[in-house]
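Right, one structure below, let's go through it.
The values are calculated or read from the model by the stated rules, or taken from the named source; none is laboratory data. Keep in mind that this is a model prediction, so the values were computed, not measured. Using ideal geometry, Cβ is built from the backbone for each residue, glycine included, and neighbour counts are taken over all protein chains shown. Just so you know, the surface numbers come from the protein's heavy atoms only, side chains and all, with ligands and any DNA or RNA stripped out. Shrake-Rupley method; radii C 1.70, N 1.55, O 1.52, S 1.80 Å.
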Amino acid sequence: MFNVSNKLYDNLNNQNLLIENINGLDIAIDSSWKRIGINLSGGADSALLTFLICSIIKKHNLNIDVNIITYQRCWTTRPWQGWWSLQVFNKLKTMFPNIIKERYTNYIPPELEYGVSGPIINGRSGDQIIVGSFNKFAAWQYKLDAVYNATSKNPSDDTREDRMSNRDKDAENGTLSDIWSYNKELNVALVHPFRFVQKDWIVAQYHMHDILDLYNTTRSCEGDIKINKKIIEAVPQLSDYKEGMEVPVCEECWWCHERKWAESQVKTMIEKIKNG
Ligand SMILES: [Zn+2]
């Protein structure tokens, strides 16, 4: 399933490279690293990546600390988002208390989100610039050897207009830099192990690793209090949101659609993985 993307690591010249095959997907880590960062949003992709990286560190008894980088965004339209990502962090911290260390949070102004102001500098939106820039700053400031990001691939039959087209690329058109690049100036590796991985594989891992309680802590929905009917009924406006209150998923946004698609594919995917 991942033969093409796994092969990309052959081009990596690193004598400390440790490659762990997780149900078909190769995930790479440098065994000499001391501190790494992982972008954890509160969604299912980044929670799984954090779980897998911590599991690899534990299995091989590596001396690597994991630090979490979280972006606090959309507080005016999804005020629960920050709380939700903290629950996912707490859950993972309970599972790996000796591996997960700090949680660094950075703020993204709602005004600079792609959906609000669009691409504003050289084709990039404010939030994209902030995420890329802060990841590099964090690597430097907190002396990280690598930053992992869990951006995954769109379902291959996805034709929704509101999908992010930068998640469409197939492994056949990929290069090593799509999954692993090295910033010489900062001495940091930027790693994207899920670049060519679709959500059905990701959700299947929660079943296969018996961590559905972690899955149920995550939230992918990007429905908000200005657009989505089910959410407006529960939280008519910002001041109605109380921390920790139940907020339904919208069942309309792209992310709800992707999660539902993945859940419908889980059985087939597990069969596919078991049959190699
Ligand atoms: Zn939604």
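Within the accessible area of segment 18-97, what % is carbon and sulfur when the probe is 1.4 Å and the other protein chains stay in place?
On the way: 1410 of 2680 Å².
Solvent-exposed carbon and sulfur of segment 18-97 make up 53 percent of the total.
Taking the alpha-carbon distance from K267 and a cut-off under 19 Å, which aspartates and glutamates remain once sequence neighbours fewer than 8 residues away in the same chain are dropped?
D45, D157, D200, D210, D213, E258
Would you mind checking the pairs K7/K199; K136/K229; K136/K260 and listing those with alpha carbons more than 29 angstrom apart?
Details: K7/K199 21 Å; K136/K229 38 Å; K136/K260 33 Å.
K136/K229; K136/K260, as the Cα separations exceed 29 Å there.
Once Rh is set to the Kirkwood radius over Cα pairs, what Stokes-Einstein translational diffusion coefficient, in µm²/s, holds for segment 142-214 at a temperature of 4 °C and a viscosity of 1.567 mPa s?
Working: Rh = 14.1 Å.
It diffuses with D of about 92 µm²/s by this estimate.
Quote the Stokes-Einstein diffusion coefficient, in whole µm² s⁻¹, for segment 1-109, based on the Kirkwood radius over alpha carbon pairs, a temperature of 4 °C and a viscosity of 1.567 mPa s. Walk me through the intermediate numbers first.
Values: Rh = 15.2 Å.
In µm²/s, the coefficient rounds to 85.
Quick one: putting +1 on the C-beta of Lys and Arg, -1 on the C-beta of Asp and Glu, what dipole do you get for the chain around its Cα centre, in Debye to the nearest 20?
I would put it at about 600 debye.
Kindly express, to the nearest 10 degrees and within the range 0 to 90, the angle between helix 199-208's C-alpha long axis and the longest C-alpha principal axis of the chain.
So the helix axis and the longest Cα principal axis differ by about 70 degrees.
With the radius of gyration and the Kirkwood radius both derived from the Cα set of segment 32-84, what is their ratio Rg to Rh?
Numbers: Rg = 13.5 Å, Rh = 12.4 Å.
Answer for segment 32-84: 1.09.
Provide the three semi-axes, in whole Å and in decreasing order, of the ellipsoid equivalent to segment 1-64 as defined by the square roots of 5 times the Cα gyration tensor eigenvalues. If you can, show how the numbers build up before the last one.
Details: eigenvalues 71, 58, 23 Å².
Calculated on Cα positions only, the semi-axes equal 19, 17, 11 Å.
Volume per residue, Å³, of the convex hull around the alpha-carbon atoms of segment 91-145?
Dividing the Cα hull volume of segment 91-145 by its residue count gives 112 Å³.
Hey, what's the chain come to in accessible area per residue, 1.4 Å probe, Å²? Kindly include the intermediate steps, with their values, before the conclusion.
Details: 13890 Å² over 276 residues.
Result: 50 Å² per residue.
One quarter of the convex hull surface, Cα atoms only: what value does that give for segment 135-175 in nm²?
Values: hull surface 17.1 nm².
Average of the hull's projected areas for segment 135-175 equals 4.3 nm².
Can you tell me the mean projection area, over all orientations, of the convex hull of segment 230-276's alpha carbons? Units nm², please. Let's see the in-between values first.
Details: hull surface 18.7 nm².
Seen from a random direction, the Cα hull of segment 230-276 projects 4.7 nm² on average.
Report, in debye and to the nearest 20, how large the dipole of segment 78-237 comes out about its Cα centre when Lys and Arg carry +1 and Asp and Glu carry -1 on their Cβ. Before the final figure, lay out each step's value.
Numbers: 20 positive and 20 negative charges, 93 e Å.
With only Lys, Arg, Asp and Glu charged at Cβ, the dipole is about 440 debye.
Roughly speaking, to the nearest percent, how much of segment 179-227's 1.4 Å accessible area is carbon and sulfur?
Exposed carbon and sulfur together represent 44 percent of the surface.
Taking the convex hull of the Cα atoms, report for the chain its projected area averaged over all directions, in nm². Don't jump to the answer; show the numbers that get you there.
Values: hull surface 58.6 nm².
If you wrap the Cα atoms of the chain in a convex hull and average its projections, you get 14.6 nm².
Reachable lysines from K242, Cα under 18 Å, same-chain residues fewer than 8 places away excluded?
K226, K230
Find the percent of Cα-Cα distances in segment 131-276 that exceed 27 Å, and round it to a whole number. Don't jump to the answer; show the numbers that get you there.
Details: 4244 of 10585 pairs.
Counting pairs separated by more than 27 Å, the tail of P(r) holds 40 percent.
Could you report the accessible area of H209 in Å², rounded to 10, computed with a 1.4 Å probe on the protein chains as they sit in the structure?
Approximately 60 Å² of H209 is accessible to the 1.4 Å probe.
Kindly rank 70-83, 148-161, 34-47 from highest to lowest mean number of other beta carbons found within 10 Å of each residue. Walk me through the numbers on the way to the answer.
Working: 70-83: 19.3, 148-161: 16.1, 34-47: 22.4.
Ranking the peptides 70-83, 148-161, 34-47 by packing returns 34-47, 70-83, 148-161.
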